[in-house]
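Taking it in order: structure first as structure tokens, then the write-up.
The values are calculated or read from the model by the stated rules, or taken from the named source; none is laboratory data. Just so we're clear, the structure is a prediction, and the values are computed from it rather than from any experiment. A quick note on method: Cβ atoms are made from the backbone with ideal geometry, for glycine too, and the neighbour counts reach across all protein chains shown.
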Amino acid sequence: MPGCGEEKGELKTLTLVVKGMSCGHCKMAVEKSVGGGKGVKRVEVDLEKGLVKVTYDPERASLTDIQSAVVDAGYEVQKSGENPTA
Ligand SMILES: [Cu+2]
């Protein structure tokens, strides 16, 4: 890909199974906490399934950072990985 030098490296996608999210407020709290982390490009929350899908730069963010952002928001990470529900 030509252009922008800032965007080097590949983004990774991670899915977390999160316990305790029950309403739009929970969704926003998780999105804000995880999305505010460095290297995190995108956060998608599926309330019905209790899933949080995160697109991030593995050179700037780690699984541990993302998990602790969920915990900081007040929720519990049950499982995480590229495809934890498979
Ligand atoms: Cu809630």
Practice task
With the checklist (1) touching a residue at least 12 places away in the same chain (Cβ under 8 Å); (2) surrounded by fewer than 17 Cβ atoms within 10 Å (Cβ to Cβ); (3) more than 16 Å from the ligand (Cβ to nearest atom) in hand, flag the one item residue 56 doesn't pass.
Solution key: (2)
Handout entry: Matching residues in region 8-20 - criterion: being farther than 17 Å from residue 79 by Cα and either touching a Lys or Arg at 6+ places or on another chain (Cβ under 9 Å) or within 16 Å of the ligand (Cβ to nearest atom) (or both)
Key = 9, 11
Completion exercise
Scanning region 32-84 for residues that are closer than 14 Å to residue 17 by Cα and among the charged types (D, E, K, R) gives 44, 46, 48, 49, 53, 76, 79, 82
Handout entry: Residue check for residue 64: touching a residue at least 24 places away in the same chain (Cβ under 8 Å) and either away from the ligand (no atom under 15 Å from the Cβ) or within 18 Å of residue 86 (Cβ to Cβ) (or both)
Key = no
Handout entry: Search result, residues across region 26-38 that are crowded, with 18+ Cβ neighbours inside 10 Å and closer than 16 Å to residue 63 by Cβ
Key = 30, 33, 34, 37
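Could you list, in sequence order, the residues of region 21-39 that are more than 8 Å from the ligand (Cβ to nearest atom) and either on the phi > 0 side of the Ramachandran plot or of a type in the set (D, E, K, R) (or both)? Spell out the reasoning first.
Within region 21-39, the subset more than 8 Å from the ligand (Cβ to nearest atom) is 28, 30-39.
31, 32, 38, 39, listed by residue number.
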Exercise for the section: With respect to residue 73, determine if the residue is modelled with pLDDT of 95 or more and under 15 Å from residue 13 (Cα atoms). Expected result: no
